[in-house]
Every structure is written in structure tokens, then in C-alpha cells.
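Please read the structure below before turning to the comments.
The values are calculated or read from the model by the stated rules, or taken from the named source; none is laboratory data. None of the values given here were measured: they were computed from a predicted structure. We place every Cβ from the backbone using ideal geometry, glycine too, and count neighbours over all the protein chains shown.
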Amino acid sequence: METSEAQKCDVAPATATAYLDPNYWDKRFDHEEHYEWFKDYSHFRHLILEYIKPKSAVLEVGCGNSQLCEELYRDGITDLTCIDLSSVAVEKMKQRLSTKGYKEVKVLEADMLQLPFEDECFDVVIEKGTMDVLFVDSGDPWNPEPETVSRVMAMLEGIHRVLKPNGIFISITFGQPHFRRPFFSAPAFTWSTEWKTFGDGFHYFFYILKKGERSSDGTECIEKTDVPSLSLYHEELESEDYLFRTNLDEM
């Protein structure tokens with residue numbers, strides 16, 4: 001069930017920086033049953049199924065109360081591990097999946113900046129709006145604060161480490177290529193980078209990073225597509241997603 005407008009008003013923070021406070025998420029998840037950041041699965045299903053096979057071992061980072069893992073499960077992808085920093089979100093997700101009979105899905109309380117997994121154990125890692133939280137207090141989007149850079153790099157280094165050779169990292173985000181590319185193309189990573197877009201009005205970005213496929217000279221190829229307009233329809237203005245446009249508006 002989608003979150004009602006009244007519930008959205010109750011859970012939306014006064015400032016975007018509150019998204020960095022774990023206590024905020026515990027309180028929110030305690031009474032919010034479901035909320036989808038950056039559109040629901042139906043909007044990008046055609047993209048995600050290009051890269052995830054039924055036998056893939058998949059890690060979802062920052063699952064919250066999204067239904068993404070349930071949608072993937074219904075599409076035959078059952079080797080799923082979901083993590084979230086909020087113990088409240090984790091317990092509620094476990095209960096919800098158990099009720100629906102999706103007992104194979106593993107849900108763990110874990111920090112995405114310190115992934116508790118062995119090296120090279122996942123075929124695919126997915127994040128949907130989770131990385132965007134790390135940018136809410138980044139300052140100048142062209143020159144983010146050192147703390148922001150440190151957090152984002154810790155997240156990406158962990159994801160790169162747990163991906164199998166030729167594994168794929170999928171990032172679904174508001175972050176435009178000129179802001180994400182300096183992070184994705186850091187020398188520590190061997191992945192190639194491409195991106196696609198989805199959505200109406202404002203387009204969301206769907207990044208595909210393939211481990212071990214970066215060119216030998218260290219360069220990468222990003223799909224040559226015009227950057228979409230930043231204008232929003234009323235639908236987007238009514239959702240919390242617009243809070244993550246703060247950095248874009250400072251361009």
C-alpha cells in the first residue's frame with residue numbers, strides 16, 4: 001500500500017540533513033509501512049531485468065520499506081540479501097516477507113559503509129536512492145565536502161569489494177553524470193560506467209557499473225544521451241524526492 005499524503009507529511013523531515021540521522025529512520029519506519037524513492041519498480045523493470053539473471057546473487061543496499069526485493073522475487077530472482085542500518089526497518093521487512101512466503105530472502109541489519117560480507121560474493125549490488133542520502137549536506141556539488149567524499153567512497157569501495165569478477169553495480173538516483181562520474185571513475189575501481197534514464201517529466205538516472213570492464217587506459221564510456229530537463233511535474237513536487245534535488249538546483 002502506498003504511503004498516504006497525511007503520512008508523508010508526518011514522516012518528511014524539516015531539513016534534508018535529518019536523513020543522515022539513524023534515529024530519524026527508526027522513528028519513520030516504526031509507523032510507515034511502505035514508501036518508494038525515485039519511482040516504483042514498474043518504471044525501471046525493463047532496465048533492471050537486462051542485468052539481473054534468475055540465478056544471480058543480489059545484494060540490495062538500504063532496503064528500507066521498499067518493495068523492490070519483493071518485485072525482484074516475483075520476477076524469479078530469489079537469491080536476495082537486503083540490508084539496512086535501521087533495526088526497525090529490518091524487523092518489519094522480515095515480517096512482511098515471511099507473511100508473503102518469501103522465506104529465501106535474507107534481511108540483515110548492516111551499515112552500507114562497512115559491508116559485513118566476504119570479498120566477491122555477489123553478482124549484482126543495487127542501491128535505489130540510498131547513495132543520495134550521503135549527499136544531502138555535501139555543499140557545493142562540484143566540490144563536495146571532504147566528509148561527503150569519504151562516506152561515498154567508503155560505500156563504493158565496499159560494493160566494489162563484494163562484487164564478483166564481472167559483477168554489476170546498479171545505482172538508481174537523482175545524481176547526474178557530471179556529479180557521479182568523479183566518484184565512479186576513481187582509480188580504485190575497475191568498473192566501466194554507463195547510464196540510462198527513466199521517468200516522465202524529470203528523468204531519473206539508472207547507472208550500470210560493470211566490474212573488470214574498465215578500459216586499460218583508465219578511461220570509461222558513458223552513454224551519450226542529452227541530460228534531461230530538471231523541471232518537475234506536480235507529481236514529483238508532491239513527493240519527498242525533490243529534497244534530493246538540492247545540489248542540482250545549486251548548479
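Please go through the range 172-188 and pick out each residue that is assigned to a helix (DSSP H, G or I) and surrounded by fewer than 16 Cβ atoms within 10 Å (Cβ to Cβ).
His178, Pro182
Between a residue in the range 74-93 that is in contact (Cβ under 8 Å) with a residue 24 or more places away in the chain and surrounded by fewer than 23 Cβ atoms within 10 Å (Cβ to Cβ) and any residue that is among the basic types (Lys, Arg) and in a helix (DSSP H, G or I), which pairs come within a Cβ distance under 8 Å, given they are 6 or more apart or on different chains?
Asp75/Arg45
Please go through the range 28-51 and give me each residue that is buried (at least 20 other Cβ atoms within 10 Å of the Cβ) and among the aliphatic types (A, V, I, L, M), ordered by number.
Scanning the range 28-51 gives a single hit, Ile48.
Could you count how many residues in the range 207-229 are surrounded by 14 or more Cβ atoms within 10 Å (Cβ to Cβ) and either touching a His at 6+ places or on another chain (Cβ under 9 Å) or at pLDDT 95 or above (or both)?
Total meeting the criteria: 6.
Restricting to the range 56-70, name every residue that is part of a loop (DSSP other than H, G, I, E, B) and surrounded by 23 or more Cβ atoms within 10 Å (Cβ to Cβ).
Passing the criteria: Gly62, Cys63, Gly64, Ser66.
Criterion first (charged (D, E, K, R) and either under 15 Å from the mean Cα position of the chain (by Cα) or assigned to a strand (DSSP E or B) (or both)) does Glu194 satisfy it? Break it down into steps so the answer makes sense when it comes.
On the way: charged (D, E, K, R): yes; either under 15 Å from the mean Cα position of the chain (by Cα) or assigned to a strand (DSSP E or B) (or both): yes.
Judged against the criteria, Glu194 is a match.
Taking the range 12-55 as the search range and keeping residues that are free of Cβ contacts under 8 Å to residues at least 40 places away in the same chain, assigned to a loop (DSSP other than H, G, I, E, B) and hydrophobic (A, V, I, L, M, F, W, C), which one is nearest to His160 (Cα to Cα)?
The extreme case among them is Leu49.
Take the residues in the range 112-137 that are closer than 18 Å to Trp25 by Cα and either modelled with pLDDT of 95 or more or of a type in the set (A, V, I, L, M) (or both); name whichever of them is surrounded by the fewest Cβ atoms within 10 Å (Cβ to Cβ). Quick ask: steps written out before the conclusion?
Taking the range 112-137 as the starting set, the residues that turn out to be closer than 18 Å to Trp25 by Cα are 112-113, 127-137.
Still in the running and either modelled with pLDDT of 95 or more or of a type in the set (A, V, I, L, M) (or both): 112-113, 127, 131, 133-134, 136.
Numbers: Met112: 22, Leu113: 15, Glu127: 23, Met131: 24, Val133: 19, Leu134: 22, Val136: 18.
Residue satisfying both the conditions and the ranking: Leu113.
Identify, from the list Pro187, Pro165, the residue that is more than 20 Å from the chain's Cα centre (by Cα), within 15 Å of Val125 (Cα to Cα) and modelled with pLDDT of 50 or more.
Matching residue, one of Pro187, Pro165: Pro165.
Within the range 154-171, is there a residue that is touching a residue at least 12 places away in the same chain (Cβ under 8 Å), in a helix (DSSP H, G or I) and farther than 23 Å from Leu80 by Cβ?
Yes, some residue in the range 154-171 is touching a residue at least 12 places away in the same chain (Cβ under 8 Å), in a helix (DSSP H, G or I) and farther than 23 Å from Leu80 by Cβ.
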